[in-house]
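The values are calculated or read from the model by the stated rules, or taken from the named source; none is laboratory data. This structure is a prediction, so every number in the text was calculated from the model and none was measured. Please note: Cβ atoms are built from the backbone with ideal geometry, for glycine as well, and neighbour counts cover all protein chains shown. For the accessible areas, the whole protein counts, side chains as well, though only heavy atoms, and no ligand, DNA or RNA atoms are used. Shrake-Rupley method; radii C 1.70, N 1.55, O 1.52, S 1.80 Å.
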Amino acid sequence: MTQQQNLIFNSLKQVEASKLFQGGVIAIIVLSALTTGAKTYNLPTVFEHVLEGLDTAITFFFLVEILLRFIVHDNKKRFFLDGWNIFDTLVVVGSLIPLENADAVLIGRLLRIFRVLRLVSVIPDLRFLINSLFKAIPRMGYIAVLMFIIFYIYAAIGSLFFHSINEVLWGDVTISMLTLFRVATFEDWTDVMYETMDTYPLSWIYYLTFIFLTAFVFLNMMVGAILEVMSAEQNAREQANAHQERADMAEQIQVLQQKVDILIERLK
């Protein structure tokens, strides 16, 4: 790479990393979301043409932005090893699909809607939250399996005892699980409880124990699993930043040492 090319590369890298450019990207993503939402309304023809022009300009901006990110990336072979870069590229390339093409119109519109998700890839803190959530999914999966077991047991009991009271709510295990989901979300659950209490006065124990397990115990377990992963990720990120800072400091010390050695040689 020549000196002029290196200068251009560094200039583009500074532009891509600048807060002004990143703020502009966020603003365009928000504008894209507003444009997509506006198209769901019945608007005058002149406004529809304006929105089409905005959509074209936004698509062109995203194309330039993703190309700029690729150009200034230190290792272009590893650019697509980052899942967020793959996502952004697919959304941008998919947005180039002409909406006049009837076969691809649905895919094009969906990808234009997904452009809103690019906020996650642009804002580091949001990216950190999503990455932590993905890494917490395996642990949450075991909790979800345990919740399903509890739901199934309570649904079987409910269907066994309350079937004759209200077949719509307790007709079989599947329907009973839907009813219990309603209870777990506190959607008029007291109406369900009072109906069964007319026949089984102690049935309130059934509902309260179920709510205690699902709404309090398992929910806190879910939150705890996510917080534990987020804490581990935060510690890992801080350690990586500290390691990078030490490496940069060592490199600066080495450069200074070389300059001192050169200066000493000249003084001799």
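Using only the Cα atoms of segment 32-78, each taken as one equal point scatterer with no solvent, compute I(q) by the Debye sum, divide by I(0), and report log10 of the ratio at q = 0.17, 0.31, 0.33 Å⁻¹. For segment 32-78 at q = 0.17, 0.31, 0.33 Å⁻¹, log10 I(q)/I(0) is -0.58, -1.07, -1.13.
For the pair segment 187-249 and segment 15-87, the centres of their Cα atoms are 36 angstrom apart.
Note on K259: aspartates and glutamates with a C-alpha under 15 Å away, same-chain residues under 8 apart excluded, are E251. For the chain, a crude dipole built from +1 on the beta carbon of Lys and Arg and -1 on the beta carbon of Asp and Glu, taken about the Cα centre, is about 1240 debye to the nearest 20. Each residue was assigned an accessible area with a 1.4 Å probe, and for E265 the value is about 120 Å². Ranked by solvent-accessible area (1.4 Å probe, protein heavy atoms only, all chains present), the residues R182, R112 order from largest to smallest as R182, R112. Think of the chain as having a plus end and a minus end, set by charges on the Cβ of Lys, Arg, Asp and Glu; of V116, L213, A232, A232 sits farthest toward the positive end of this dipole. I need the calculated FRET efficiency for the pair L119 and D191, taking r as the beta carbon distance and R₀ as 51 Å, to the nearest 0.05. About 0.80, to the nearest 0.05.
For the residues S95, S11, a 1.4 Å probe over the protein chains yields an accessible-area ranking, largest first, of S11, S95.
The Rg/Rh ratio for the chain, using Cα coordinates for both the radius of gyration and the Kirkwood hydrodynamic radius, is 1.17.
Using R0 = 51 Å, the C-beta based FRET efficiency linking E52 and L81 works out to 0.90. Only helices enter the 222 nm calculation for the chain: every DSSP H run of n ≥ 4 contributes -39,500 (n - 2.57), and dividing by all residues gives -26500 deg cm²/dmol, rounded to 500. Extending 7 Å from the Cα toward the beta-carbon at both E245 and I153 defines two label points whose distance is 4.9 nm. The simple spin-label model puts a point 7 Å past each Cα toward its Cβ; for I253 and S164 those points are separated by 8.3 nm. Within the chain, the whole DSSP H helices whose Cα atoms reach 24 Å or more along their own axis and whose mean Kyte-Doolittle score is at least 0.0 are 19-38, 45-72, 124-162.
Extending each Cα 7 Å along its Cβ direction at N220 and A17, get the distance between those two points in nm, one decimal. With each label placed 7 Å out from Cα toward Cβ, I get 4.5 nm. Taking a straight line from the alpha carbon of K76, these lysines sit under 18 Å away, with near neighbours fewer than eight places off in the same chain left out: K13. Computed over protein heavy atoms with a 1.4 angstrom probe, the accessible surface ordering of D55, D172, largest first, is D172, D55. Rolling a 1.4 Å probe across all protein chains gives L96 an accessible area of roughly 90 Å².
Rolling a 1.4 Å probe over the protein heavy atoms leaves T56 with an accessible area of roughly 90 Å².
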